[in-house]
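Encoded as structure tokens, the structure appears first; notes follow it.
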Amino acid sequence: MPTLTLDPFYLIVDNADWLTRLLPLGVRLVQLRVKDRPESEVRAEILRARDLCRTAGAQLVVNDYWKLAIDAGCDFVHLGQEDLDGADLDALRRHEVRIGVSTHDDAELDRALSISPDYVALGPVWPTLLKEMKFAPQGLEKLGAWKKRIGDIPLVAIGGLTPARACLALAAGADSACVVTDVLRARDPESRAVEWVATTAPWRDSPELTRAFPPDFAGAKVFPSPNHGPRARAVSALVLHYTGMPAAEGALELLCSPIAEVSAHYFVEEDGRILQLVPESRRAWHAGASYWAGETDMNSASIGVEIVHPGHIDPHDFPPAQIEAVIALSRDICARHKIAPERVLAHSDIAPRRKMDPGEFFPWARLAAAGVGRYVEPLPPDDGPALECAAAGEAVARLQRQLAAFGYKVSETGVYDEDTASAVAAFQRHWRPARVDGRADASTIDILTRLLP
């Protein structure tokens with residue numbers, strides 16, 4: 001038989017009635033799992049599901065009932081480990097019925113591979129609500145390891161999945177993401193199914209955006225996000241961000257979800273592990289509406305690095321291992337792309353009205369000491385007179401000219417407006433973090449003057 005391709009959205013239903021509701025919404029891979037019903041009723045459900053799926057052009061997988069699957073001329077049967085003892089695998093092969101096998105640990109995978117399955121399911125990846133499991137959640141690392149081991153055999157992730165988690169499972173190496181309760185127990189199952197179809201669309205329709213690629217940085221593990229496009233110009237800047245979310249997994253879900261439409265080239269975890277989400281040759285969607293030194297498409301002109309940190313909701317120090325990883329990654333990027341030190345930027349530098357990351361608690365001085373970016377030792381904040389909102393005149397105009405020459409999007413109006421205050425605050429976050437107030441005191445102006453050519 002030809003190589004099997006599974007749809008990235010694998011839905012399990014407990015009766016054929018679901019198919020009349022959900023197949024018209026774009027569901028293309030369904031497992032019928034019927035439990036505790038007389039065989040005559042199971043047979044009727046299988047026949048009805050078969051006909052509905054054939055009409056819709058969907059693949060139907062029959063759970064457990066391999067004899068009925070053969071009798072009904074179905075294309076797939078899914079077997080648990082206990083089912084392998086009694087199933088006639090030769091008969092299934094003779095009737096060209098493809099076989100999927102559930103696995104939960106290495107021993108079960110060994111057994112599954114011994115029968116040359118058409119696909120392998122691994123679970124639970126996350127904790128599941130459907131039933132008590134004697135196996136602990138496997139996690140994304142196990143998905144990646146198993147995919148490497150089984151090669152071209154499709155891998156199905158199951159257990160605790162949501163649309164956002166499906167993106168993580170698919171990026172980690174799964175070929176399909178399987179769900180039961182997240183759709184069937186949803187308040188609006190149709191809307192939830194539509195969300196699943198839309199979320200998994202890149203893995204279905206645009207494989208060129210989701211396939212693995214060689215890492216650009218040797219210390220990174222590839223974890224493909226579909227959110228990228230062609231560059232419009234060469235890389236000339238490095239932009240550092242914090243994720244600004246309570247947990248790393250939530251941030252990674254956002255960066256891999258096609259619904260969110262955001263991404264970054266790299267994702268640096270608290271323990272220093274580095275994931276590469278987008279090839280450096282491609283335009284990641286990390287900067288948003290932004291500007292620096294005349295450049296209005298900073299996504300095209302930069303490499304974006306997201307650093308796992310809750311941000312200003314919990315502004316603590318970044319872990320040393322994480323900063324060492326950021327330094328190693330940044331030095332490598334800057335060397336390969338010949339990025340000048342003055343073009344190592346904060347997200348707040350290029351979007352000061354919208355962003356505050358990576359924040360005044362980010363150790364820019366530590367990076368500069370390691371050869372990443374620029375830094376000059378600041379004078380202490382000045383409690384004397386300062387330029388601030390409502391100020392006007394030549395001193396304000398001169399400050400605006402300096403900020404614009406440095407790179408910020410500030411117009412020379414002679415009036416200390418909100419754009420000016422936002423740019424000053426962004427400048428302070430990066431180069432004078434002891435006090436971030438948007439007031440141009442003597443300390444702030446001194447640092448800006450020393451940094452300008």
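The values are calculated or read from the model by the stated rules, or taken from the named source; none is laboratory data. All values reported here derive from a predicted model rather than from experimental measurement. Note that we place each Cβ from the backbone using ideal geometry, even for glycine, and neighbour counts take in every protein chain shown.
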- Task: Please tell me if ARG336 is surrounded by fewer than 16 Cβ atoms within 10 Å (Cβ to Cβ), farther than 18 Å from TRP431 by Cα and under 22 Å from the mean Cα position of the chain (by Cα).
- Result: no
- Among the listed residues ARG111, ARG48, which satisfies the condition of being touching a residue at least 12 places away in the same chain (Cβ under 8 Å), under 22 Å from ASP17 (Cβ atoms), of a type in the set (Lys, Arg) and part of a helix (DSSP H, G or I)? ARG48
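From GLY244, GLY272, which residue is under 30 Å from VAL410 (Cα atoms), assigned to a loop (DSSP other than H, G, I, E, B) and modelled with pLDDT of 95 or more?
Details: GLY272 fails: under 30 Å from VAL410 (Cα atoms).
One residue alone meets the criteria, GLY244.
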- For the stretch 200-220, pairs from a residue that is more than 28 Å from ARG336 (Cα to Cα) to a residue that is in a loop (DSSP other than H, G, I, E, B) and among the charged types (D, E, K, R), with Cβ under 7 Å and 6 or more apart or across chains, are ARG204/ASP7
- What do you reckon, is SER290 hydroxyl-bearing (Ser, Thr, Tyr), in contact (Cβ under 8 Å) with a residue 24 or more places away in the chain and surrounded by 17 or more Cβ atoms within 10 Å (Cβ to Cβ)? yes
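Please state which one of VAL27, VAL42, VAL34 is part of a loop (DSSP other than H, G, I, E, B) and more than 28 Å from the chain's Cα centre (by Cα). Talk me through it step by step, then tell me what you get.
Working: VAL27 fails: more than 28 Å from the chain's Cα centre (by Cα); VAL42 fails: part of a loop (DSSP other than H, G, I, E, B).
Of VAL27, VAL42, VAL34, the one residue that is part of a loop (DSSP other than H, G, I, E, B) and more than 28 Å from the chain's Cα centre (by Cα) is VAL34.
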- Message: Being part of a loop (DSSP other than H, G, I, E, B) and either under 21 Å from ALA69 (Cβ atoms) or of a type in the set (A, V, I, L, M) (or both) is the filter here; which residues of the stretch 91-108 pass it?
- Response: HIS95, GLU96, VAL97
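Looking for whichever is under 19 Å from LEU448 (Cβ atoms) and outside the structural domain of ALA442 (by TED's automatic domain parsing) here; the options are PRO381, PRO358. Which one fits?
Testing whether each residue is under 19 Å from LEU448 (Cβ atoms) and outside the structural domain of ALA442 (by TED's automatic domain parsing) leaves just PRO381.
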- Message: Could you check the stretch 255-269 and list, in sequence order, the residues that are part of a helix (DSSP H, G or I) and surrounded by fewer than 20 Cβ atoms within 10 Å (Cβ to Cβ)?
- Response: none
- Mind checking which residues of the stretch 69-82 are crowded, with 19+ Cβ neighbours inside 10 Å and not in a loop (DSSP other than H, G, I, E, B)? ALA69, PHE76, VAL77, HIS78, LEU79
- What number of residues within the stretch 142-195 are assigned to a loop (DSSP other than H, G, I, E, B) and of a type in the set (Asp, Glu)? 3
- Task: Looking at (1) in contact with a His (Cβ under 9 Å, 6 or more places away or on another chain); (2) farther than 27 Å from PRO24 by Cα, find the lone condition where VAL61 falls short.
- Result: (2)
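Checking the condition of a type in the set (D, E, K, R), assigned to a helix (DSSP H, G or I) and crowded, with 16+ Cβ neighbours inside 10 Å, which residue from ASP419, ASP446 passes? Show your work before the answer.
On the way: ASP446 fails: crowded, with 16+ Cβ neighbours inside 10 Å.
Testing whether each residue is of a type in the set (D, E, K, R), assigned to a helix (DSSP H, G or I) and crowded, with 16+ Cβ neighbours inside 10 Å leaves just ASP419.
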- Evaluate the stretch 84-99: report whether one residue or more is under 20 Å from ILE153 (Cβ atoms), crowded, with 17+ Cβ neighbours inside 10 Å, of a type in the set (A, V, I, L, M) and in contact with an Asp or Glu (Cβ under 7 Å, 6 or more places away or on another chain). yes
- Give the stretch 11-24 a look and list any residue that's crowded, with 16+ Cβ neighbours inside 10 Å and closer than 11 Å to ALA58 by Cβ, or say none. LEU11, LEU19, LEU22, LEU23
- Flag if ILE274 is in contact with a helix residue (DSSP H, G or I) (Cβ under 7 Å, 6 or more places away or on another chain), under 23 Å from GLY359 (Cα atoms), not assigned by TED's automatic domain parsing to the domain that holds GLY151 and not polar (S, T, N, Q): yes
